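> The structure's right below; bear with me while I get my questions together.
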């Protein structure tokens, strides 16, 4: 039982790692574009915003089990196989991208607008503001978004495993359910719970560290802005 558990655990970690990597790689630009093209935003564009928003909403609402089946031809075209851990990465990524992109959009929306206005007043362009203000200030929320996405993907990987994707889901279904190995099924469930708990604890730890640093940095910047705004008034009174 131990070799099976070890091999399938590695398969699950493989699926979750690569699907998270591609989801973050694609989801951050999509989320940034959603934020920038929204109403009243720096690059307001109703057509682009609605198109991206519609795709994100459809992607998030599509049942994952059906998505795997629908994507079989596309998965085979991209990676050469439609089953196994490698084949599961494609539908996992496609399911995770719209979910993560919406979390990125929400994280950027929470950034203090005063910081954005201050950067614009100092001549910062759109992409300077994105990379120097929005993303750094939203970093704790982005890490929390990655944590949530990883946990979601662990659950999705179990579903993928039950339909030929490999991993712990495949182990629980093939050996635990079909061959009535109750102890193996319980062990698999416990391991999935431990994985989710570990990811959540690590994510929360990183978020707290980043949030404490971000709070100190933000207070310094706010103080500098206030000092600059008070300088002209002080000069006027002295004159």
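> Which of the peptides 78-91, 57-70 is most tightly packed, and how do the rest follow, going by the mean number of other Cβ atoms within 10 Å of each residue?
Descending packing order for the listed peptides: 78-91, 57-70.
> Counting only C-alpha contacts under 8 Å and six or more residues apart, can you give the relative contact order of the chain as a whole percent?
24
> What distance in nm separates the simple spin-label points at residue 42 and residue 106, each placed 7 Å from Cα in the Cβ direction?
Label-label distance for residue 42 and residue 106, simple model: 2.3 nm.
> If you don't mind, there's one more thing I want to ask. Over segment 1-103, with a single point scatterer placed on each C-alpha, what log10 of the ratio I(q)/I(0) does the Debye formula yield at q = 0.13, 0.17, 0.22, 0.23 1/Å?
-0.55, -0.82, -1.10, -1.15
> Can you give me the angle between helix 139-160 and the longest principal axis of the chain, using Cα atoms only, in degrees from 0 to 90, rounded to the nearest 10?
Taking Cα atoms only, the helix is inclined about 20 degrees.
> Once R0 is set to 22 Å, what does the formula 1/(1 + (r/R0)^6) return for the Cβ-Cβ distance between residue 201 and residue 5, expressed as a FRET efficiency to the nearest 0.05?
My answer for the efficiency is 0.50.
> Right, next: Could you work out [θ]222 nm for the chain from helices alone, using -39500 (n - 2.57) per DSSP H run of at least four and dividing by all its residues? Round to the nearest 500 deg cm²/dmol.
Taken over the chain, the calculation gives -27000 deg cm²/dmol.
Readers should treat all values here as calculations from the given coordinates under stated rules, not as data from a laboratory. Please read these numbers as outputs of a predicted model, since none were measured by experiment. Backbone-built Cβ (ideal geometry, glycine too); neighbour counts: all protein chains shown.
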